[in-house]
1. With the checklist (1) more than 16 Å from ILE134 (Cβ to Cβ); (2) within 16 Å of ligand 1 (Cβ to nearest atom); (3) touching a residue at least 24 places away in the same chain (Cβ under 8 Å); (4) more than 17 Å from the chain's Cα centre (by Cα) in hand, flag the one item LEU58 doesn't pass.
2. State which residue is nearest to ligand 1 (Cβ to nearest atom) when the search covers only region 328-350 and only residues that are acidic (Asp, Glu) and in a loop (DSSP other than H, G, I, E, B).
3. Is it fair to say LYS228 is away from ligand 2 (no atom under 16 Å from the Cβ), farther than 27 Å from PRO313 by Cα and of a type in the set (Lys, Arg)?
4. Go through VAL153, VAL172, VAL141, VAL136 for me and flag whichever is over 30 Å from LYS2 (Cα atoms) and of a type outside the set (S, T, N, Q).
5. If the Cβ limit is 9 Å and pairs must be 6+ apart or interchain, which residue in region 82-93 that is under 16 Å from GLY151 (Cβ atoms) and open to solvent by 20 Å² or more (accessible area, probe 1.4 Å) pairs with which residue that is within 16 Å of ligand 2 (Cβ to nearest atom) and part of a strand (DSSP E or B)?
6. Looking at ALA214, ALA196 in this structure, which one is away from ligand 1 (no atom under 16 Å from the Cβ), in contact (Cβ under 8 Å) with a residue 60 or more places away in the chain and open to solvent by less than 40 Å² (accessible area, probe 1.4 Å)?
7. Test each condition in (1) surrounded by fewer than 15 Cβ atoms within 10 Å (Cβ to Cβ); (2) within 28 Å of GLY49 (Cβ to Cβ); (3) modelled with pLDDT under 95 for THR278 and report the one that comes out false.
8. Give me the pairs: first residue in region 33-54 and in the same structural domain as ILE69 (by TED's automatic domain parsing) and among the charged types (D, E, K, R), second residue more than 11 Å from ligand 1 (Cβ to nearest atom) and open to solvent by 20 Å² or more (accessible area, probe 1.4 Å), beta-carbon distance under 7 Å, and six or more apart or on different chains, which are they?
Amino acid sequence: MKTIGYAAHSSDAHLVPYHFERRDLRDNDVAIEILYSGICHSDLHTVNGDWGPQPYPLVPGHEIVGRVISVGPEVKNYTVGQHVAVGCMVDSCQECDQCHNHEEQYCRNGMTPTYGAPDRINGEITQGGYSKHIVVREEFVLSVPESLDIGRVAPILCAGITTYSPLKTWGVKEGSRVGVIGLGGLGHMAVKLAVAMGAEVTVLSRSDAKLEEAKGIGANGILVSTDKDAMKKAASSFDLIIDTVPVKHDINIYTPLLDIDGSLVIVGQIGPLDEPMTAPLVMGRRRVAGSLIGGIKETQEVLDFCAQHNILPECKMIRAEQVNEAFEHLSKGDVAHRFVIDMSSLSVDA
Ligand code: NAP
Ligand code: ZN
């Protein structure tokens, strides 16, 4: 199938229109016309080469929402016309303990990311959601609850699941004291989801510039991480802190904010950190942990949770040709929402 997307051709992170083909349908494949695609900071890291050399040309995008246009003969759960979604993975071995445990993101044999990795069967490099169409095996397709506004669903597929999974894993409930570092795409979903679970949520931000946005989505307020006095006063006041900062940073200013047995869960920057100071960990049985997206079953769960609690990401809709501008904003960190590409702005005949 001929399609068009926006691709990076080198690590200068400048995306341009790119014509390419999607594979012929396998028996268990679903072909999707993409309607909306969210822009994640991971897309920027990847095309920039922050996580190593990439197989350019590369079409990023792993927050995908669309409409089924055809299905392979063995597809059981999807029919033409249905609204569906695809997140950060498109395949895994389906045989190891992690896959059996619905944690395909930790597949022992390596899951296949939605873009930039070889397909398990033919070795072709996967291409992501900044495009008009995608073909994905049924097991990695999600269904979109009808009650959700289809134009605002896409960020749930990465920002939503990546923050929902640690909130669930660390048992957030009514009255839990949750801190969220960085009010961007992931951070704003962490706030909305934790508030819906009954938590008292505080945003830890570099300034109070995003105070209105933080309060508007249910946070109690902002703790300014550069304000040493305020940080000192907040010692031992959180059960869980989710860290979404996308660059190398010092986690030692945050660990003393945890109460005894509290955890700081890193979902942001992947790579070297300054060394954690052991005293706050030892003196209060505090933990520093990490978390990668979430499994397919849990991704369906967060979509259903959002439908049940009327949670929708704050989306700024853009046209495909504005993607480079959106990347500039992400690198500055000046947004408290998600950019979402309206794919009707891109035509295969362009
Ligand atoms: P984003 O929208 O750009 O938000 C990141 C936020 O971090 C910014 O809005 C900013 O918030 C804060 N920030 C930015 N630069 C900073 C700096 N130099 N120092 C301190 N804080 C800074 O990014 P995102 O899409 O939410 O992604 C965040 C990170 O999560 C990225 O590294 C991404 O790759 C990663 N990620 C991980 C997973 C996973 O599975 N673990 C999944 C998706 C994304 P304030 O202005 O409030 O400080
Ligand atoms: Zn992402």
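The values are calculated or read from the model by the stated rules, or taken from the named source; none is laboratory data. None of the values given here were measured: they were computed from a predicted structure. Heads up, the Cβs are rebuilt from the backbone with ideal geometry, glycines too, and the neighbour counts pull from every protein chain shown. Each accessible area value is taken on the protein alone, full model and side chains, heavy atoms only, with ligands, DNA and RNA left out. Shrake-Rupley method; radii C 1.70, N 1.55, O 1.52, S 1.80 Å.
1. (1)
2. To start, the set of residues in region 328-350 that are acidic (Asp, Glu) comprises 328, 334, 342, 349.
Within this subset, residues satisfying the condition of being in a loop (DSSP other than H, G, I, E, B) are 334, 349.
Details: ASP334: 7, ASP349: 32 Å.
Here the residue is ASP334.
3. Numbers: away from ligand 2 (no atom under 16 Å from the Cβ): yes; farther than 27 Å from PRO313 by Cα: yes; of a type in the set (Lys, Arg): yes.
Considered against the rule, which asks whether it is away from ligand 2 (no atom under 16 Å from the Cβ), farther than 27 Å from PRO313 by Cα and of a type in the set (Lys, Arg), LYS228 comes out as yes.
4. Numbers: VAL153 fails: over 30 Å from LYS2 (Cα atoms); VAL141 fails: over 30 Å from LYS2 (Cα atoms); VAL136 fails: over 30 Å from LYS2 (Cα atoms).
VAL172 is the lone residue from the list that is over 30 Å from LYS2 (Cα atoms) and of a type outside the set (S, T, N, Q).
5. Correct list of pairs: HIS83/VAL65.
6. Numbers: ALA214 fails: away from ligand 1 (no atom under 16 Å from the Cβ).
Answer to the check: ALA196.
7. For THR278, the failing item is (2).
8. From residues that are in the same structural domain as ILE69 (by TED's automatic domain parsing) and among the charged types (D, E, K, R), the pairs are GLU33/ARG67; GLU33/ILE69; GLU33/LYS132; GLU33/HIS133.
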